[in-house]
């Protein structure tokens, strides 16, 4: 029986690439999503991957949703915390809801998603937790105090959790993507990308979602059993940390 992997925010962008790559690697995958039913349905139809709708900023919703996944598919052994949002503004113009919405979705969700499955992983003596942070959690970014704080917090969360669970066969690692050719990034005018983004990326191009997904597949594998508490940067050399 294949291991069950849950990918939050798993039906779009980098999350969709991760979900598909894990399925191709032999995992049984559940992709969570927040609100776009049409996109999630199309993703399920195209890939055969099960989709589940809940709000990762709610502990109760995560607990209920993960119970349903385990009832449908089996114990969760791979957890990829990928869901995230942006609500950018300079701090002196940022509204409280912009701060709290990003912190709740991008940071508090790691507790909400991990707490319901960590005891089961510990009892079974195996688990893989991969948290998707960001280059901007490593270096900061103008207009993103909320996002940078959350994504930096994801790294600290991962290092502490890795220490707590290393002797239980559970690894906890982070992937920090740089600028990836997702729908959101490609919505930026090409001339802006060419002028303001690509000159800062030594390899001279945007990353591909599949390149991030391959990092996750490796960290989820048995081959990565001696890697825990680590941060893997996939940013084309833009930030060497």
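Readers should treat all values here as calculations from the given coordinates under stated rules, not as data from a laboratory. Fair warning: this is a prediction, and the values are worked out from it, not measured in the lab. Here the Cβ is made from the backbone with ideal geometry for all residues, glycine too, and neighbour counts use every protein chain on show.
A few points about this structure:
- When both bridge partners sit in the chain, DSSP labels roughly 0% of those beta bridges antiparallel.
- If you bin all the Cα-Cα distances of region 138-241 at 10 Å, starting from zero, the percentages per bin are 14, 39, 33, 13, 2, 0.
- Taking the C-alpha atoms only, the angle from helix 209-220 to the longest principal axis of the chain is near 40 degrees.
- With respect to the chain, whose longest principal axis is taken over its alpha-carbon atoms, helix 145-165 is tilted by about 30°.
- Cα-based Rg and Dmax for region 91-147, where Dmax is the largest Cα-Cα distance (Å): 15.1, 48
- For region 64-188, diffusion coefficient by Stokes-Einstein and Kirkwood Rh (Cα), 20 °C, 1.002 mPa s, µm²/s: 138
- Using a simple spin-label model with pseudo-atoms 7 Å out from Cα toward Cβ, residue 115 and residue 163 lie 2.1 nm apart.
- Packing order of peptides 185-195, 140-150, highest average first: 140-150, 185-195 (average count of other Cβ atoms within 10 Å over each peptide's residues).
- Residue 141 paired with residue 210, simple spin-label distance in nm, labels 7 Å along Cα-to-beta-carbon: 2.4
- Taking 0.36 nm per residue of separation and subtracting the current Cα-Cα distance, fully stretching the chain between residue 42 and residue 93 would add 14.6 nm.
- Sequence-separation-based contact order of region 4-233, relative, with Cα cut under 8 Å and 6+ spacing, percent: 20
- Region 67-121 and region 142-202: distance between their alpha carbon centers, rounded to Å: 14
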